[in-house]
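Undergrad: Okay, here's the structure, questions in a sec.
The values are calculated or read from the model by the stated rules, or taken from the named source; none is laboratory data. Source: prediction; values computed, not measured. Methodologically, a virtual Cβ is constructed for each residue, glycine included, from the backbone with ideal geometry; neighbour enumeration extends over all protein chains shown.
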Amino acid sequence: MLANATAATIKGIEGFAVSVEVDIAPGLPNFAVVGLPDAEVKESKERVTAAIRNSGFDFPLKRITVNLGPAELRKSGTQFDLPIALGILAASEQLSAPAREKIKDFLVLGELALDGSLRPCAGVLPMLISCKTLGKMAIIPPANALEGQISSAPFITPHTLRELADYLEEKIPLETVQLAYVPTEEITPQTTLDFNEVKGQALAKRALEIAAAGGHNVLMIGLPGTGKSMLAKRFPGILPPLTQDEALEITKIYSICNLLGKSRLLTNRPFRDPHHTISDVALIGGGSTPKPGEVSLAHNGVLFLDEFAEFSRSALEVLREPLENGHVTISRAKETVSYPARFTLVAAMNPCPCGNLGNPLKPCTCSPTQVTRYKNRISGPLLDRIDLTVNLNPVKFTDWKQGTEGETSAQIRARVLAAREIQKKRFAGTSTTANAFMTSAQLKEFCKLPSGADTILESAMRKFGLSARSLDKILKTARTIADLEGKADIETKHLIEVMQYRPLDRKGVADL
Ligand SMILES: [Zn+2]
């Protein structure tokens, strides 16, 4: 006999409906799953067999064929256990005709433990959101209930396969949950770290303010102990609040990576700081069953790469795609998936391998070749994608003595929010969210050069060997500085300020 259920799978960060057909025919006992299942889905057979037996049902000793459609879509994840088990119970007529008929009304997702209880599975939120158009009630594991609430789709959460069967037979009731999606006005960032705790480093603080105001990437170069990590960790506190759409987008990514934990909707901009020994796959995403990497977990937030020059050359080079496009594409034999990865990069590095170059108190023990090799790890094309580079000097005694009298994060954030408000109006109706992400056409329209600025840029281009991409970056950053001042046009002084944040450019760090 043949039975059908509806499930879903993830591709990229979207869910796709999958039809689960189960056929049971006479013949030697066999259990096959076809329709492009990946390794995780194939393992489902063992769990389903044990769960059916341990729930007090018979596992049919016949030829069982499970077909997952559409055929061309790769199926991944453990959520197919429950729809397959339900299909087997229906096809073997262990469910009554009315109960079998009812299965059609549901979207069924859940991993089964061997005892037949339902375990949480990854990606429930994007699958529920994408499948809302089907108009079906969802069946999800109790541990995924918070994600169900965010999706605003109606759902039930049986604890076991047996409980679900009893519900379908109308022996027991199960409560239907559906929360209306209520957008809140503003989701405020929560960080207790304040910029006024960092002494001195006015130039670096200014660079971070510009970065927060326009979505620009920053590289901080300085001796150990100059406060690079302290500054980076306080950066999220001056960023604008997440919008509902942004919050939903990052919550979907965390759902796919099974990282939601007890949070319902992520309300803070992510701050990710992977160690420099991270693999390329963990940084960018991928693997045999593709999963988002750190760059996507930092989406709509901050990716902090400390010891920037210590990351592997290949890891640094793969960063170029997300920095340029705001997403990563992962190609595999049978499919290509894309994950959003629009983050603000905050990178930090020492001036040399031993960390003492330029330190008046400790001598640098590196050879000139070592220093050059170290700095050249950051290639020209990668530097091109960093808008602001700033040198941090050892903190002066006077700055240190000044204590905590610097500006607070709240004061800086107020200026950032005002500049973001200007950009929101400027880019209304387009997909651009900040100056850093302007298209060429927008650059032309909104970043007109002040008179006399041609000569400054031309001499800078000659002096630093600037690329066309760097020039675009300079204009976009100058636009942000003008926005911070509430100026309608870019002025020469804005361009001059940007130039002091571009000491590296195409010549590489080696010429510093
Ligand atoms: Zn050194």
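Undergrad: Could you list all residues from region 213-230 that are in a helix (DSSP H, G or I) and either surrounded by fewer than 23 Cβ atoms within 10 Å (Cβ to Cβ) or among the acidic types (Asp, Glu) (or both)? Walk me through it before giving the result.
TA: The first filter runs over region 213-230 and keeps only residues in a helix (DSSP H, G or I), leaving 213-214, 228-230.
Residues satisfying the conditions are Ser229, Met230.
Undergrad: Taking region 433-477 as the region of interest, how many residues are of a type in the set (S, T, N, Q) and buried (at least 16 other Cβ atoms within 10 Å of the Cβ)?
TA: 6
Undergrad: Consider region 351-365. How many of its residues are more than 8 Å from the ligand (Cβ to nearest atom) and either under 23 Å from Leu303 (Cβ atoms) or polar (S, T, N, Q) (or both)?
TA: Start the filter on region 351-365 by keeping residues that are more than 8 Å from the ligand (Cβ to nearest atom), which leaves 358-363.
From what's left, either under 23 Å from Leu303 (Cβ atoms) or polar (S, T, N, Q) (or both): 359.
Of the residues in region 351-365, 1 are more than 8 Å from the ligand (Cβ to nearest atom) and either under 23 Å from Leu303 (Cβ atoms) or polar (S, T, N, Q) (or both).
Undergrad: Do we have any residue at all in region 334-350 that's crowded, with 20+ Cβ neighbours inside 10 Å, within 16 Å of the ligand (Cβ to nearest atom) and not small (Gly, Ala, Ser)?
TA: The answer is yes; a qualifying residue exists.
Undergrad: Here's another thing I want to ask about it. Of the residues that make up region 35-53, is at least one surrounded by 24 or more Cβ atoms within 10 Å (Cβ to Cβ), in contact with a Lys or Arg (Cβ under 8 Å, 6 or more places away or on another chain) and without any contact (Cβ under 8 Å) to a residue 40 or more places away in the chain?
TA: There is at least one residue in region 35-53 that is surrounded by 24 or more Cβ atoms within 10 Å (Cβ to Cβ), in contact with a Lys or Arg (Cβ under 8 Å, 6 or more places away or on another chain) and without any contact (Cβ under 8 Å) to a residue 40 or more places away in the chain.
Undergrad: Something else about it: List the residue pairs whose Cβ atoms are under 6 Å apart, where the first residue sits in region 354-383 and is among the charged types (D, E, K, R), the second is within 10 Å of the ligand (Cβ to nearest atom) and part of a loop (DSSP other than H, G, I, E, B), and the two are 6 or more positions apart or on different chains.
TA: Lys362/Asn356
Undergrad: Now, a different point. Report, by residue number, each residue of region 244-268 that is part of a loop (DSSP other than H, G, I, E, B) and modelled with pLDDT of 90 or more. Steps first, please.
TA: If we filter region 244-268 for residues that are part of a loop (DSSP other than H, G, I, E, B), which is where we start, we get 257-268.
The one that is part of a loop (DSSP other than H, G, I, E, B) and modelled with pLDDT of 90 or more: Cys257.
Undergrad: Please give the helices (runs of 4 or more DSSP H) falling wholly within region 366-480 in which 3 or more residues are more than 26 Å from the chain's Cα centre (by Cα) and within 16 Å of the ligand (Cβ to nearest atom). Explain how you work it out, then say what you get.
TA: Working: elements: 368-375, 380-384, 397-401, 409-426, 440-446, 453-464.
Ranges flagged: 368-375.
Undergrad: For Ser312, all conditions in the list (1) small (Gly, Ala, Ser); (2) modelled with pLDDT under 90; (3) away from the ligand (no atom under 16 Å from the Cβ) hold save one; what is the number of the exception?
TA: Unmet for Ser312, out of (1) small (Gly, Ala, Ser); (2) modelled with pLDDT under 90; (3) away from the ligand (no atom under 16 Å from the Cβ): (2).
Undergrad: Taking Val48 as the residue in question, decide whether it is under 25 Å from Ser288 (Cβ atoms) and part of a strand (DSSP E or B).
TA: Values: under 25 Å from Ser288 (Cβ atoms): yes; part of a strand (DSSP E or B): no.
Here the answer is no, as Val48 does not meet what is asked.
Undergrad: Let me ask something else. Does any residue of region 81-90 turn out to be within 20 Å of Arg264 (Cα to Cα) and within 29 Å of the chain's Cα centre (by Cα)?
TA: Step one: filter region 81-90 for residues within 20 Å of Arg264 (Cα to Cα), giving none.
No, the conditions are met nowhere in region 81-90.
Undergrad: Between a residue in region 67-78 that is free of Cβ contacts under 8 Å to residues at least 60 places away in the same chain and more than 16 Å from Pro290 (Cβ to Cβ) and any residue that is surrounded by fewer than 17 Cβ atoms within 10 Å (Cβ to Cβ) and not acidic (Asp, Glu), which pairs come within a Cβ distance under 6 Å, given they are 6 or more apart or on different chains?
TA: Note: pairs meeting the criteria are Asn67/Val34; Gly69/Ser19.
Undergrad: To continue, here is another question. Check region 265-274 and report whether any residue there is in contact (Cβ under 8 Å) with a residue 60 or more places away in the chain and within 22 Å of Leu109 (Cβ to Cβ).
TA: Within region 265-274, one or more residues are in contact (Cβ under 8 Å) with a residue 60 or more places away in the chain and within 22 Å of Leu109 (Cβ to Cβ).
Undergrad: When the residues of region 280-325 are narrowed to those that are within 10 Å of the chain's Cα centre (by Cα) and under 19 Å from Leu219 (Cβ atoms), which ends up surrounded by the fewest Cβ atoms within 10 Å (Cβ to Cβ)?
TA: Glu294
Undergrad: Could you grab me the full set of residues in region 3-30 that are surrounded by fewer than 19 Cβ atoms within 10 Å (Cβ to Cβ) and closer than 14 Å to Ile84 by Cα?
TA: Listed by number, the residues that qualify are Asn4, Ser19, Glu21, Asp23.
Undergrad: While we're looking at this one, here's another question. Provide a single number: the residues in region 317-350 that are farther than 19 Å from Thr251 by Cβ and in a loop (DSSP other than H, G, I, E, B).
TA: The number of residues fulfilling the criteria is 6.
Undergrad: I'd like the full set of residues that are of a type in the set (Asp, Glu) and either touching a Leu at 6+ places or on another chain (Cβ under 7 Å) or closer than 22 Å to Leu125 by Cα (or both), limited to region 240-298.
TA: Start the filter on region 240-298 by keeping residues that are of a type in the set (Asp, Glu), which leaves 245-246, 249, 273, 280, 294.
Listed by number, the residues that qualify are Asp245, Glu246, Glu249, Glu294.
Undergrad: Here is a check on your reading of the model: is Ser314 among the polar types (S, T, N, Q), part of a helix (DSSP H, G or I) and out of contact with any Leu (no Cβ under 6 Å at 6 or more places or on another chain)?
TA: Values: among the polar types (S, T, N, Q): yes; part of a helix (DSSP H, G or I): yes; out of contact with any Leu (no Cβ under 6 Å at 6 or more places or on another chain): yes.
Spelling it out, Ser314 is indeed among the polar types (S, T, N, Q), part of a helix (DSSP H, G or I) and out of contact with any Leu (no Cβ under 6 Å at 6 or more places or on another chain).
Undergrad: Would you be able to tell me the number of residues in region 86-127 that are among the hydrophobic types (A, V, I, L, M, F, W, C) and either assigned to a loop (DSSP other than H, G, I, E, B) or farther than 19 Å from Leu174 by Cα (or both)? Talk me through it step by step, then tell me what you get.
TA: Just the residues of region 86-127 that are among the hydrophobic types (A, V, I, L, M, F, W, C), to begin with: 86, 88-91, 95, 97, 99, 103, 106-109, 112-114, 118, 121-122, 124-125, 127.
Applying the additional criterion that residues be either assigned to a loop (DSSP other than H, G, I, E, B) or farther than 19 Å from Leu174 by Cα (or both) yields 88-91, 95, 97, 109, 113-114, 121-122, 124-125, 127.
Counting residues in region 86-127 that are among the hydrophobic types (A, V, I, L, M, F, W, C) and either assigned to a loop (DSSP other than H, G, I, E, B) or farther than 19 Å from Leu174 by Cα (or both) gives 14.
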